[in-house]
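The values are calculated or read from the model by the stated rules, or taken from the named source; none is laboratory data. Everything numeric in this text was worked out from a predicted model, so none of it was measured. So basically every Cβ, Gly included, is an ideal-geometry build from the backbone, and we count neighbours across all protein chains shown. The accessibility values were calculated without ligands, DNA or RNA, using every heavy atom of the protein model including side chains. Shrake-Rupley method; radii C 1.70, N 1.55, O 1.52, S 1.80 Å.
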Amino acid sequence: MKKKLVVLTGAGISAESGIKTFRDSDGLWEGHNVNDVATPEGWHKNPALVLDFYNQRRKQLKEVQPNLGHIILAELENEFDVFIITQNVDDLHERAGSTNVLHLHGELLKVRSTKNPDYILNWREDLNFGDFDENKNQLRPHIVWFGEEVPALEEALILTQSADYFAVIGTSLQVYPAAGLIDFTAPETPIFYIDPKPIKIQNLRNQLNVIPEVASEGMKTLKKKLMGLI
């Protein structure tokens, strides 16, 4: 039986494909204050700005490609049962070939009803005023904004608890509740942490392997380490 590898990924793995992260630029995301474009308050204050912002992100996503970090993760499915828990809203893991991807913070290529959170549609083009659900309610980006509940969190916890190996790639471990997942690994589960500027993880009971590299280079190292454990 294949061992289960559970991977938590963040903005760092997509940054190498050209997708910017607001945490690298003083709280601005593509020139916008995060509170204006990634909170329920921002949506209620200026929905036109929010719609345009995510329309631009959707267009940008079509122009970028998965990088080596994404590709190696997908290749690891040949040797492990790989489950990816991602904080990213892009589809680069899927495009690289990964088959088990759980999006904690929503998906850029989906929209949902403002009144019914279970009404979700695939959506690749611009989202505009007048794009409604079946009951004439406005559609919004299918993104978990700051201050909103994380519906996929329970599934992520179950995956984390069942991991034989757990890897953290390209995340600052500053955004909760995602950052807290690492505390739910079994004590005997080795943890691999890939980040060019790794933070000190406090009170960790697990064996920790720090790989201080960008995601693509770190994934090469991680693959070698994991293959040595089989």
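Selection of region 34-70 for residues being open to solvent by 70 Å² or more (accessible area, probe 1.4 Å), outside any helix (DSSP H, G or I) and either closer than 18 Å to Gly170 by Cβ or modelled with pLDDT under 90 (or both) yields only Gln65.
Checking each residue in region 209-230 for being open to solvent by less than 30 Å² (accessible area, probe 1.4 Å) and over 20 Å from the mean Cα position of the chain (by Cα) picks out only Leu226. Candidates in region 19-33 are the residues that are at pLDDT below 65 and not basic (Lys, Arg); of these, the one that is nearest to the chain's Cα centre (by Cα) is Phe22. Scanning region 102-138 for residues that are surrounded by 12 or more Cβ atoms within 10 Å (Cβ to Cβ), over 24 Å from Thr9 (Cα atoms) and of a type in the set (Asp, Glu) gives Asp126, Asp131, Asp133. Screening Ser113, Ser98 for residues that are within 30 Å of Gly228 (Cα to Cα) and hydroxyl-bearing (Ser, Thr, Tyr) leaves exactly one candidate, Ser98. In the set (1) over 22 Å from the mean Cα position of the chain (by Cα); (2) within 23 Å of His93 (Cα to Cα), Asp133 fails one condition alone, (2). Residue count for region 184-207, restricted to those that are assigned to a loop (DSSP other than H, G, I, E, B), under 19 Å from the mean Cα position of the chain (by Cα), within 20 Å of Ile158 (Cα to Cα) and not polar (S, T, N, Q): 0.
For region 165-207, the tally of residues that are open to solvent by 30 Å² or more (accessible area, probe 1.4 Å) and more than 24 Å from Glu77 (Cβ to Cβ) stands at 16.
Only one entry in Asn100, Asn88, Asn55 is under 24 Å from Val6 (Cβ atoms) and in contact (Cβ under 8 Å) with a residue 40 or more places away in the chain, namely Asn88.
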